[in-house]
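Here the structure is laid out as structure tokens; the discussion comes afterwards.
The values are calculated or read from the model by the stated rules, or taken from the named source; none is laboratory data. Keep in mind that this is a model prediction, so the values were computed, not measured. Using ideal geometry, Cβ is built from the backbone for each residue, glycine included, and neighbour counts are taken over all protein chains shown. Please note that ligands, DNA and RNA were not included when accessible areas were found on the heavy atoms of the full protein model with its side chains. Shrake-Rupley method; radii C 1.70, N 1.55, O 1.52, S 1.80 Å.
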Amino acid sequence: VAFVETYGCQQNEADSEQIRGMLEHCGYGLTDGPEGADLVIFNTCAIREHAEQRVFGNVGALVHTRRRHPRQKIFLCGCMMGQPAVVERVRKSYPYVDGVFSTHHLWELPQLLLGVLTTGKRVFSVEDSAGAIAEGLPVVRENKLKAWVSVMYGCNNFCTYCIVPYVRGRERSREKSLILDEARQMISAGYKDITLLGQNVNSYGKTLADKPTFAQLLHEIDSIDGDYWLRFMTSHPKDCSKELIDTIANGTHISKHLHLPFQSGSDRILKAMNRHYDRKKYLDIVNYAKEKIDGVSLTSDIIVGFPGETYEDFKETLSLIREVEFTSLFTFIYSPRVGTPAAKMDDPISAEEKSKWFRELLDVQEEIAAKRCASMVNNTEKVLIESETGKNGELSGRTSGNIIVELKGDKSLIGTFQNVKITQARNWILKGELV
Ligand code: SAH
Ligand code: SF4
Ligand code: F3S
């Protein structure tokens with residue numbers, strides 16, 4: 001049996017689903033912990049230092065599971081393995097790791113595994129190869145309702161803080177017909193919540209011969225008949241078009257949710273981050289989306305404490321979140337990544353000071369989220385029922401805007417869409433009853 005652990009974002013998760021698919025084809029069963037597993041694969045994430053420390057800590061602990069089960073093989077893959085310094089560290093300091101491969105070499109797993117099992121020698125497959133996309137890999141999806149569908153890989157944006165373009169390589173899009181086929185399969189297999197994935201879905205199609213836009217792709221998928229929601233992430237504000245927002249507004253299955261990371265509310269910092277938009281442009285898109293998409297739910301990513309950021313800059317971020325009123329935010333304290341331009345910039349603000357700003361941001365957002373949720377009381381919302389909450393007779397689902405709703409109901413409703421009247425808001429969780 002094999003154990004696969006995912007450390008990163010949805011793309012990382014989607015890669016793990018392909019890893020599980022390949023392992024199943026190789027005859028492995030899957031288990032949910034490293035103890036006793038014949039094969040352990042850690043699919044790593046390099047986005048912040050904390051993510052990397054977790055991986056190294058857990059790899060260290062594998063010494064013990066391996067001692068109790070000497071035949072255990074250990075593989076590391078994912079974004080961290082796109083960094084030569086990390087690979088060197090694994091080579092030298094973690095001799096019991098049998099195999100390492102970067103995201104470009106995911107499809108080689110069966111071959112690498114065979115090599116390790118037959119020769120007992122360590123394998124490293126980490127050269128940069130920005131080449132073709134490996135299509136047609138088997139996939140094991142753990143969730144029966146939600147499916148990820150990658151539409152593009154890599155990133156060309158080189159935001160100055162970010163490691164992704166270095167570890168995932170240049171942007172490349174999948175052929176539209178292949179994406180449509182996969183979406184059709186997912187819908188007829190009964191998946192209810194399909195999320196299209198890419199680091200910057202708005203630049204989908206630029207590497208393809210007939211240059212389809214993301215809005216066109218979204219519209220074509222939306223035209224597939226069936227009972228499902230269609231979501232996507234991530235949109236980059238620099239090329240989020242009105243065409244895209246109109247497509248969402250006029251869509252049949254497209255959820256009324258836009259995840260649009262702005263990172264900072266200060267133009268000076270946005271420039272230093274190499275984001276290619278300013279506060280005004282961001283607010284223009286958001287206001288257009290609010291005007292066109294009834295009840296749109298907006299979410300975003302924010303970095304606090306970018307090198308050179310002052311409290312004045314940070315206050316611009318606070319004023320932006322007050323102005324937009326996001327449903328929820330993913331907030332991060334800046335973490336220097338070796339090899340990125342920002343890691344060489346002057347960073348005079350102390351960690352304590354940044355944590356103070358960070359808490360201030362969380363407090364402001366908590367108030368906004370509570371207010372937004374409270375404003376939904378008495379609305380009737382379409383909700384996808386996803387699971388039992390664990391409390392007796394209670395179910396948990398999500399609105400089109402991705403807000404959690406808890407309600408009383410029979411578990412036979414799991415996997416169906418229901419109209420739910422919102423009766424109560426508790427911070428960012430809604431309570432409701434079946435209509
Ligand atoms: N491609 C997406 C984001 C991918 S990474 C986009 O451009 O929006 C997810 C989030 O991690 C980013 O939006 C950013 O907020 C955060 N992040 C990336 N690098 C970081 C770093 N070095 N320190 C802290 N947060 C970071
Ligand atoms: Fe990183 Fe920027 Fe690319 Fe997003 S768009 S993955 S933040 S470089
Ligand atoms: Fe995702 Fe982490 Fe890689 S956020 S793209 S798994 S660095």
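Against the list (1) touching a strand residue (DSSP E or B) at 6+ places or on another chain (Cβ under 8 Å); (2) open to solvent by less than 10 Å² (accessible area, probe 1.4 Å); (3) more than 20 Å from residue 428 (Cβ to Cβ), the condition residue 286 fails is (3). In the set (1) more than 30 Å from residue 194 (Cα to Cα); (2) touching a helix residue (DSSP H, G or I) at 6+ places or on another chain (Cβ under 9 Å), the condition left unmet by residue 66 is number (2).
In the range 249-277, of all residues being within 16 Å of ligand 2 (Cβ to nearest atom), touching a residue at least 60 places away in the same chain (Cβ under 8 Å) and outside any loop (DSSP other than H, G, I, E, B), the one that is most open to solvent (accessible area, probe 1.4 Å) corresponds to 272.
If you go through the range 7-37 and keep only what is open to solvent by 20 Å² or more (accessible area, probe 1.4 Å) and free of Cβ contacts under 8 Å to residues at least 40 places away in the same chain, you end up with 9, 27, 28, 29, 31, 32, 34, 35, 36.
Looking at this structure, is residue 338 surrounded by fewer than 18 Cβ atoms within 10 Å (Cβ to Cβ), within 30 Å of residue 83 (Cα to Cα), touching a helix residue (DSSP H, G or I) at 6+ places or on another chain (Cβ under 9 Å) and among the β-branched types (Val, Ile, Thr)? Steps first, please.
On the way: surrounded by fewer than 18 Cβ atoms within 10 Å (Cβ to Cβ): yes; within 30 Å of residue 83 (Cα to Cα): yes; touching a helix residue (DSSP H, G or I) at 6+ places or on another chain (Cβ under 9 Å): yes; among the β-branched types (Val, Ile, Thr): yes.
So residue 338 passes the test.
Looking only at the range 147-156, residues that are buried (at least 18 other Cβ atoms within 10 Å of the Cβ) and either farther than 19 Å from residue 47 by Cα or more than 10 Å from ligand 3 (Cβ to nearest atom) (or both) come to 6 in all. Annotation note: Cβ proximity below 7 Å between a residue of the range 322-340 that is closer than 30 Å to residue 400 by Cβ and within 14 Å of ligand 1 (Cβ to nearest atom) and a residue that is open to solvent by 20 Å² or more (accessible area, probe 1.4 Å) and at pLDDT below 95 (sequence gap 6+ or interchain) occurs for 328/428. Taking the criterion of being within 22 Å of residue 166 (Cα to Cα), in contact with a Ser or Thr (Cβ under 9 Å, 6 or more places away or on another chain), modelled with pLDDT of 95 or more and of a type outside the set (A, V, I, L, M, F, W, C), would at least one residue in the range 65-80 satisfy it? Yes, the range 65-80 contains a residue that is within 22 Å of residue 166 (Cα to Cα), in contact with a Ser or Thr (Cβ under 9 Å, 6 or more places away or on another chain), modelled with pLDDT of 95 or more and of a type outside the set (A, V, I, L, M, F, W, C). Here residue 207 clears all of (1) open to solvent by 30 Å² or more (accessible area, probe 1.4 Å); (2) touching a Ser or Thr at 6+ places or on another chain (Cβ under 6 Å); (3) part of a helix (DSSP H, G or I) except the condition numbered (3).
A quick yes/no check of all residues on (1) touching a Phe, Trp or Tyr at 6+ places or on another chain (Cβ under 7 Å); (2) farther than 26 Å from residue 52 by Cβ; (3) charged (D, E, K, R); (4) surrounded by 16 or more Cβ atoms within 10 Å (Cβ to Cβ):
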{"site": "103", "(1), (2), (3), (4)": "no, no, no, yes"}
{"site": "116", "(1), (2), (3), (4)": "no, no, no, yes"}
{"site": "120", "(1), (2), (3), (4)": "no, yes, no, no"}
{"site": "128", "(1), (2), (3), (4)": "no, no, yes, no"}
{"site": "131", "(1), (2), (3), (4)": "no, yes, no, no"}
{"site": "142", "(1), (2), (3), (4)": "no, no, yes, no"}
{"site": "145", "(1), (2), (3), (4)": "yes, yes, no, yes"}
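Just for the range 354-369: of the residues that are in contact (Cβ under 8 Å) with a residue 12 or more places away in the chain and open to solvent by 30 Å² or more (accessible area, probe 1.4 Å), which one is farthest from ligand 1 (Cβ to nearest atom)? Full working, then the answer.
Taking the range 354-369 and keeping what is in contact (Cβ under 8 Å) with a residue 12 or more places away in the chain, we get 354-355, 357-358, 360-362, 364-366, 368-369.
Filter once more, keeping what is open to solvent by 30 Å² or more (accessible area, probe 1.4 Å): 355, 358, 360, 362, 366.
Values: 355: 13, 358: 11, 360: 17, 362: 15, 366: 19 Å.
Restricting to residues being in contact (Cβ under 8 Å) with a residue 12 or more places away in the chain and open to solvent by 30 Å² or more (accessible area, probe 1.4 Å), the top hit is 366.
Checking each residue in the range 50-73 for being more than 28 Å from residue 335 (Cα to Cα) and either within 16 Å of ligand 2 (Cβ to nearest atom) or open to solvent by less than 40 Å² (accessible area, probe 1.4 Å) (or both) picks out 65, 69, 72.
Residues in the range 256-276 that are more than 22 Å from the chain's Cα centre (by Cα) and among the hydroxyl-bearing types (Ser, Thr, Tyr): 266 alone. Check the range 380-402 and report whether any residue there is charged (D, E, K, R), part of a helix (DSSP H, G or I) and buried (at least 18 other Cβ atoms within 10 Å of the Cβ). No, that holds for no residue.
The single condition from (1) β-branched (Val, Ile, Thr); (2) part of a loop (DSSP other than H, G, I, E, B); (3) within 11 Å of ligand 2 (Cβ to nearest atom) that residue 167 fails is (2).
Of the residues making up the range 118-133, those that are touching a helix residue (DSSP H, G or I) at 6+ places or on another chain (Cβ under 6 Å) and at pLDDT 90 or above are 123, 125, 126. Among the residues of the range 312-366, write down those that are farther than 24 Å from residue 53 by Cα, acidic (Asp, Glu) and assigned to a helix (DSSP H, G or I). 312, 313, 316, 323, 360, 363, 366, listed by residue number. Condition (residue is at positive phi and within 13 Å of ligand 1 (Cβ to nearest atom)) applied to the range 246-259: is it met by at least one residue? No; the residues of the range 246-259 include none that is at positive phi and within 13 Å of ligand 1 (Cβ to nearest atom).
Considering only residues in the range 175-204 that are assigned to a loop (DSSP other than H, G, I, E, B), among the small types (Gly, Ala, Ser) and open to solvent by less than 40 Å² (accessible area, probe 1.4 Å), the one that is nearest to ligand 1 (Cβ to nearest atom) turns out to be 198.
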